[in-house]
Amino acid sequence: MSERMRAGNTAPAFTLPDADGKQVSLADHAGHKVIVYFYPAALTPGCTKQACDFTDSLDFLAGHGYDVIGVSPDKPEKLAKFRDKEELKVTLLGDPDKSVLEAYGAYGEKKLYGKTVTGVIRSTVIVDEQGKVERALYNVKATGHVAKIIKDLGL
């Protein structure tokens, strides 16, 4: 299992394709706070709820200086379908080889319906303007997570 991020760690750099196949890097967001959230799969109920919650809160978060990036192991074509079907406004990136998921500690063993499986660990890492991890949250719930982040950040 990969090492989990902790406050003060340097956020691992990444460049991944978005829903349109355009390369997006964490470095593109330098000088901004970034909420990077990791989710198992586009077009599934929990992940849809979470992505819709982030989309609904995007203007509020942006108003407080936060960019939002969602990362899953999906390919750009599936992300485009997800974005279009749900009218998502968050940046969705695909990590099919799971290298970024692993670098952030968001891929590994987890419990699913009482069984231990290997997969994406629903996680959120908040990166500050200097590229340092401000907070790292693992095994988060899809529902209510965005409201919890907003409350925890005191926004």
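Just to be sure, is THR143 under 21 Å from LEU58 (Cβ atoms), among the β-branched types (Val, Ile, Thr) and either touching a Cys at 6+ places or on another chain (Cβ under 6 Å) or surrounded by fewer than 16 Cβ atoms within 10 Å (Cβ to Cβ) (or both)? Criteria met by THR143.
Considering the conditions (1) outside any loop (DSSP other than H, G, I, E, B); (2) farther than 17 Å from GLU3 by Cα, GLN130 is excluded by exactly one of them, (1).
The single condition among (1) surrounded by 15 or more Cβ atoms within 10 Å (Cβ to Cβ); (2) out of contact with any helix residue (DSSP H, G or I) (no Cβ under 6 Å at 6 or more places or on another chain); (3) at pLDDT 95 or above; (4) in a helix (DSSP H, G or I) that VAL24 does not satisfy is (4). When ASP74, ASP20 are screened for being in contact with a Gly (Cβ under 8 Å, 6 or more places away or on another chain) and among the acidic types (Asp, Glu), only ASP74 passes. Scanning the range 23-65 for residues that are touching a residue at least 24 places away in the same chain (Cβ under 8 Å), touching a Phe, Trp or Tyr at 6+ places or on another chain (Cβ under 9 Å) and among the hydroxyl-bearing types (Ser, Thr, Tyr) turns up TYR37, THR48. Might you check whether a residue that is under 28 Å from GLY8 (Cα atoms), out of contact with any Ser or Thr (no Cβ under 7 Å at 6 or more places or on another chain) and among the hydrophobic types (A, V, I, L, M, F, W, C) occurs anywhere in the range 77-95? Yes, the range 77-95 contains a residue that is under 28 Å from GLY8 (Cα atoms), out of contact with any Ser or Thr (no Cβ under 7 Å at 6 or more places or on another chain) and among the hydrophobic types (A, V, I, L, M, F, W, C).
Can you name every residue in the range 55-70 that is of a type in the set (Ser, Thr, Tyr) and outside any strand (DSSP E or B)?
Correct list: THR55, SER57.
Name the residue that is surrounded by the most Cβ atoms within 10 Å (Cβ to Cβ), counting only residues in the range 27-54 that are of a type in the set (Gly, Ala, Ser) and outside any loop (DSSP other than H, G, I, E, B). Full working, then the answer.
Quick first cut of the range 27-54, residues of a type in the set (Gly, Ala, Ser) only: 27, 30-31, 41-42, 46, 51.
Next cut, outside any loop (DSSP other than H, G, I, E, B) only: 27, 46, 51.
Details: ALA27: 10, GLY46: 15, ALA51: 26.
So the residue we want is ALA51.
Against the list (1) part of a helix (DSSP H, G or I); (2) in contact (Cβ under 8 Å) with a residue 12 or more places away in the chain, the condition ASP84 fails is (2).
Considering only residues that are assigned to a loop (DSSP other than H, G, I, E, B) and touching an Asp or Glu at 6+ places or on another chain (Cβ under 8 Å), look in the range 96-115 and name the one that is farthest from ILE150 (Cα to Cα). If you could, list the steps in order and put the result at the bottom.
To start, the set of residues in the range 96-115 that are assigned to a loop (DSSP other than H, G, I, E, B) comprises 96-98, 104-106, 113-114.
Imposing the further condition that a residue be touching an Asp or Glu at 6+ places or on another chain (Cβ under 8 Å) reduces the set to 96, 105.
Working: PRO96: 29, GLY105: 22 Å.
In this case the residue turns out to be PRO96.
Within the range 99-115, is there a residue that is over 24 Å from CYS52 (Cβ atoms), in contact with a helix residue (DSSP H, G or I) (Cβ under 9 Å, 6 or more places away or on another chain) and surrounded by 12 or more Cβ atoms within 10 Å (Cβ to Cβ)? Among the residues of the range 99-115, at least one is over 24 Å from CYS52 (Cβ atoms), in contact with a helix residue (DSSP H, G or I) (Cβ under 9 Å, 6 or more places away or on another chain) and surrounded by 12 or more Cβ atoms within 10 Å (Cβ to Cβ), which makes the answer yes.
Here VAL68, VAL127 are screened, and the one residue that is within 13 Å of the chain's Cα centre (by Cα) and free of Cβ contacts under 8 Å to residues at least 60 places away in the same chain is VAL68.
The values are calculated or read from the model by the stated rules, or taken from the named source; none is laboratory data. The structure displayed is predicted, hence computed values, not measured ones. Every residue, glycine among them, receives a Cβ derived from its backbone with ideal geometry; neighbour counts consider all protein chains shown.
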